[in-house]
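Trainee: A single structure is presented below for examination.
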Amino acid sequence: MSGRPILVTIPISHYCEKPRWALDRAGIAYEEHAHLPALHRVAVQRTGSAGTTCPVLVCDRGVIGESRDIIAYADERIAPERRVIPGDPDAAAEACALAADFDERLGPHTRRWVYFQLAGQRTLVSEAITAGVPAWQRRTFALTYAPINLVVHKVLDIDADTVNQSEAVFRTVFAEVSERLADGRHHLVGDRFSIADLTFAALAAPLVVPAEYGVPLPAVDRLPPAMAATVREHRATPAGAHALAMFREERGTPAAA
């Protein structure tokens, strides 16, 4: 292909924040094609991706449909001292295993929780969920919000019981990360920022609401009271403080135009 890579996203998605962060960190100029949840599927299918989920990167290598693979693609194009996949094989294996665990346990459960907490909060989520989407999607958001919300709740199996189960899972992950940090280390693996730190911070974002997130998130004091209380609680943990520190220190300025 010629021209810039194209990153197809749901702008608010923390899984999409992962490759956005990696591409920005690598200084790779790309075009972000953002879409509302559910409506993103048509854009994904048009890329030729075998799946229906975001993110998808269309680049000189073809179509890459997994966030961890997009991170690896970006890492190959950055100076060795800035790469998030360590050069040491043992450290790389440890960092990638942690990232895979966060992908499997933290990501789905924080996503389910945040969609449940923000159900019915159309005005509050409008800026973050429509950031960069096509004009027609933004114009019709008031009408499409309710049906999109229903589709998302069905696809993600969101109800009070599953959300309680998800909360138990992400609390366990936060406790494990806090314990890992208890020895005073500044990074989860070794002495440098790695894919483990990036993945944890990005997927923990719904629980800590970092100011440096790739799209503007609602301020904590504007969130529903129960959600705001949970966010403040998790921000105060060692794991939450680590996620916020990684965003402050490593997120950088977006390269996308």
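Trainee: For Thr9, which sequence-distant residues (separation of 5 or more, or a different chain) have an amide H within less than 5 Å of its own amide H, given hydrogens modelled in the peptide plane?
Mentor: The list, which skips near neighbours in sequence, is His33, Ala34, His35.
Trainee: Run the helix sum for the chain: -39,500 (n - 2.57) per DSSP H stretch of 4+ residues, divided by residue count, reported at 222 nm to the nearest 500 deg cm²/dmol. All intermediate terms of the calculation are to be shown ahead of the outcome.
Mentor: Working: 12 runs with 139 residues, N = 257.
Roughly -16500 deg cm²/dmol at 222 nm, from the helical runs in the chain.
Trainee: I've got another one for you. Using a Förster distance of 22 Å, how high is the FRET efficiency between Arg41 and Ala119, based on the Cβ-Cβ distance and rounded to 0.05?
Mentor: Working: r = 21 Å, r/R0 = 0.94.
The formula returns an efficiency of 0.60 here.
Trainee: Per the 1.4 Å probe, what fraction of the accessible area of the chain, in percent, lies on carbon and sulfur atoms? Can you show the working numbers first?
Mentor: Values: 6190 of 11590 Å².
Roughly 53 percent, rounded to a whole number.
Trainee: Okay, moving on. Provide the three semi-axes, in whole Å and in decreasing order, of the ellipsoid equivalent to segment 148-235 as defined by the square roots of 5 times the Cα gyration tensor eigenvalues. Walk me through the numbers before you get to the answer.
Mentor: Details: eigenvalues 134, 52, 40 Å².
Values for segment 148-235, descending: 26, 16, 14 Å.
Trainee: Before I look further, what does segment 69-142 give for accessible area per residue, probe 1.4 Å, in whole square angstrom? Write down the numbers at each step before the final one.
Mentor: Details: 3610 Å² over 74 residues.
Per residue, segment 69-142 has an accessible area of 49 Å².
Trainee: In addition: Report relative contact order for segment 2-128 in percent, whole number only (criteria: Cα-Cα under 8 Å, sequence separation at least 6). Each step should come with its number before you reach the end.
Mentor: Numbers: 143 pairs, mean separation 29.8, N = 127.
The value is 23 percent.
Trainee: Using a 1.4 angstrom probe with every protein chain in place, what is the largest-first accessible-area order of Trp113, Trp136? Display every interim value, and only then the final one.
Mentor: Working: Trp113 0, Trp136 130 Å².
Solvent-accessible surface, decreasing: Trp136, Trp113.
Trainee: Let me ask another. What per residue convex hull volume, in Å³, do the alpha-carbon atoms of segment 1-141 yield? Could the numbers behind the result be given before it?
Mentor: Values: hull volume 17.0 nm³, N = 141.
Convex hull of Cα atoms, per residue: 121 Å³.
Trainee: How many angstrom lie between the C-alpha centres of segment 82-123 and segment 169-191?
Mentor: Here the two parts' Cα centres lie 13 Å apart.
Trainee: Here's another thing I want to ask about it. So if we plug the beta-carbon distance of Glu104 and Thr52 into 1/(1 + (r/R0)^6) with R0 = 30 Å, what FRET efficiency do we get, rounded to 0.05?
Mentor: For Glu104 and Thr52, the calculated efficiency is 0.95.
Trainee: How would the chain be classified by its alpha-carbon gyration tensor: rounded, prolate or oblate, with rounded meaning a/c under 1.5 and the a/b versus b/c comparison settling the rest?
Mentor: Cα axes put the chain in the oblate bin.
Trainee: With a cut-off of 8 Å between alpha carbons and a minimum separation of six or more residues, what is the relative contact order of segment 181-242 in percent? Intermediate results must be reported in sequence, preceding the final value.
Mentor: Values: 41 pairs, mean separation 19.3, N = 62.
Contact order relative to length: 31 percent.
The values are calculated or read from the model by the stated rules, or taken from the named source; none is laboratory data. Being a predicted model, the structure only gives us computed values, none of them experimental. Please note: Cβ atoms are built from the backbone with ideal geometry, for glycine as well, and neighbour counts cover all protein chains shown. Accessible surface areas use protein heavy atoms only, side chains included; no ligands, DNA or RNA. Shrake-Rupley method; radii C 1.70, N 1.55, O 1.52, S 1.80 Å.
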